[in-house]
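The values are calculated or read from the model by the stated rules, or taken from the named source; none is laboratory data. Computed from a predicted structure; not experimentally measured. Virtual Cβ from ideal backbone geometry, glycine too; neighbours counted across all protein chains shown. Heads up: the accessible areas ignore ligands, DNA and RNA and are worked out on the full protein's heavy atoms, side chains in. Shrake-Rupley method; radii C 1.70, N 1.55, O 1.52, S 1.80 Å.
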Amino acid sequence: MMEKPSRVRYGIIGFSFVACLINYGDRIAISVASPAIIEELNFTPIEWGYILSAFFWTYSLFGLIGGFVNDKFGARNTYGFTMIIWSMAVGLTSMAWNFISLLIIRLLFGAGEGPQVPTATKVVSNWFPKAESARALSLSQVGTTIGPIIATPLVAWLTVEMGWRVSFIVLASLGIIWAIGWFLFAKEYPNQHKKVNQNELDYIQQDKGNELDNYGIEATSGSKISTWSFIKKPYILSVSLCYFSYSFVLFLVVTWFPNYLVDQRGMTMKEMGIFSIWPWVGASIGLMIGGYLADHLVKRSKDGNLVSGRKYMIVICQIFTAITFSLSAVVESTALALTLTTIAMAFLLGSWQYQSLVIAIVPKQKLGAVSGFVQSISAVGGILAPIVTGYIVEISGSYNTAFYLGSIFCLIGAILVAIFVRPIKKNTEQNLKNTANL
């Protein structure tokens, strides 16, 4: 009787899911606690915008560095040690006393979290076949949308009952516990894990032999093609810029939406703690459905195309994000504004196929670095969104212009991906002939 395949890869992706849950729980905490922090430390909207943005300054840089670190030291070590670094920074947040101290702590926090996405991408590449990469990444990254659902009411309650500083100590301890569990359970590759049997190993490695990526570039271990040769390609640049627009809208919501509900929609702290989770419920649904649909389209493709389904998921979802997000700013009803923002976040997270596209078109030995580059460009959206929004609020007293700007970026990103990411067939002779023209 044939032995059933083991399922250790789902344990690995389960750990990555929890890491993403902690990641965004930690990230949203300062926004949820912002009314109390701003009141205690007397920050202006512009100062607060810079504090929120500081995270992304180092997040962007270390997203790029983290890709190279993954390629050099492996995803297992990178994931564990970066979790420890960012959890320490979360704990240090409880000790902040002024603008400079909190700014420095946020810089450390961003450095710790920067490598997370390229690391999660590398984990999926190591542990899942390419045809399942979008779904596996979505299962992992859905933690980023569920994290705020859990953390928002928790941090709001702790802030009201025990003070905002206590909430950061609680969150920091969760990250340290995760890192210990990860080092005990995880291995870099499936063949290194004692609980992975041969059937599961064969399934994971079904498409990981010598291969050509979708654009005909050789992916053999002896390939001498530089990382820059991928980064400069129009399809990588267009995916990166579209990911930037995604990040601008996402981190506008992450950093300013709780304050928006209090300042512009007139909610109390407790009401905000309840209602600001709505967009994250929509985001969770969109992320799960988007990953499933993208992989479903890949499996239904008759020509082995790993690009088309993911491309059009991005384009369609980004267009609908732009429409619904801009409308949420102009409606008078708070309930309708929340509903539209929730729908916008569902479409936004449904578009999260950027890294699965990178997995599809970049050989594994270059994956960490290219994934890190794409992540670092997206992080620029996170850098700009809090600062730009802070200036808009300070000057106009309204958030509407920031919502419109994010919507425009989404439309531009959708257009770039529609034009430059081409659905080229996998492993064909024509790919080889076209390589020089890409």
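Is at least one residue of segment 126-146 small (Gly, Ala, Ser), within 22 Å of the chain's Cα centre (by Cα) and modelled with pLDDT of 90 or more?
First pass over segment 126-146, keeping only residues small (Gly, Ala, Ser): 131, 133-134, 136, 138, 140, 143.
Of the ones still in play, those that are also within 22 Å of the chain's Cα centre (by Cα) are 131, 133-134, 136, 138, 140, 143.
From what is left, the residues that are modelled with pLDDT of 90 or more are none.
No; the residues of segment 126-146 include none that is small (Gly, Ala, Ser), within 22 Å of the chain's Cα centre (by Cα) and modelled with pLDDT of 90 or more.
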Scanning segment 227-257 for residues that are under 30 Å from residue 267 (Cβ atoms) and more than 13 Å from the chain's Cα centre (by Cα), the one surrounded by the most Cβ atoms within 10 Å (Cβ to Cβ) turns out to be 255
Checked segment 395-438 for anything modelled with pLDDT of 50 or more, outside any helix (DSSP H, G or I), more than 22 Å from the chain's Cα centre (by Cα) and not charged (D, E, K, R); matches are 397, 398, 399, 423, 424
So, first residue assigned to a loop (DSSP other than H, G, I, E, B) in segment 330-345, second residue open to solvent by less than 30 Å² (accessible area, probe 1.4 Å), Cβ within less than 9 Å, six or more apart or across chains; the pairs are 331/337; 331/340
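Would you call residue 65 at pLDDT 95 or above and open to solvent by 60 Å² or more (accessible area, probe 1.4 Å)?
Numbers: at pLDDT 95 or above: no; open to solvent by 60 Å² or more (accessible area, probe 1.4 Å): yes.
For residue 65, the condition - at pLDDT 95 or above and open to solvent by 60 Å² or more (accessible area, probe 1.4 Å) - is not met.
Each row is one residue, and each column tells you yes or no for (1) crowded, with 24+ Cβ neighbours inside 10 Å; (2) under 22 Å from residue 69 (Cα atoms); (3) modelled with pLDDT under 85.
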site: 84; (1), (2), (3): no, yes, no
site: 93; (1), (2), (3): yes, no, no
site: 97; (1), (2), (3): no, no, no
site: 116; (1), (2), (3): yes, yes, no
site: 160; (1), (2), (3): no, no, no
site: 167; (1), (2), (3): yes, no, no
site: 176; (1), (2), (3): no, yes, no
Those residues of segment 159-181 that are free of Cβ contacts under 8 Å to residues at least 24 places away in the same chain and over 26 Å from the mean Cα position of the chain (by Cα) come to a total of 2
Residues in segment 38-53: is at least one in contact with a Lys or Arg (Cβ under 6 Å, 6 or more places away or on another chain), assigned to a helix (DSSP H, G or I) and either open to solvent by 30 Å² or more (accessible area, probe 1.4 Å) or not β-branched (Val, Ile, Thr) (or both)? no
Residue 353 passes all but one of the listed conditions (1) open to solvent by 10 Å² or more (accessible area, probe 1.4 Å); (2) polar (S, T, N, Q); (3) modelled with pLDDT of 80 or more; the exception is number (1)
Note on segment 155-198: residues of a type in the set (Phe, Trp, Tyr) and assigned to a loop (DSSP other than H, G, I, E, B) are 189
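Rundown of residues vs (1) closer than 20 Å to residue 385 by Cβ; (2) among the β-branched types (Val, Ile, Thr); (3) touching a helix residue (DSSP H, G or I) at 6+ places or on another chain (Cβ under 9 Å), yes/no style:
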| site | (1), (2), (3) |
| --- | --- |
| 58 | yes, yes, yes |
| 74 | no, no, yes |
| 84 | no, yes, yes |
| 103 | yes, no, yes |
| 115 | no, no, yes |
| 119 | no, yes, yes |
Restricting attention to segment 308-350, the residues that are closer than 20 Å to residue 405 by Cβ, open to solvent by less than 10 Å² (accessible area, probe 1.4 Å) and of a type in the set (Gly, Ala, Ser) number exactly 5
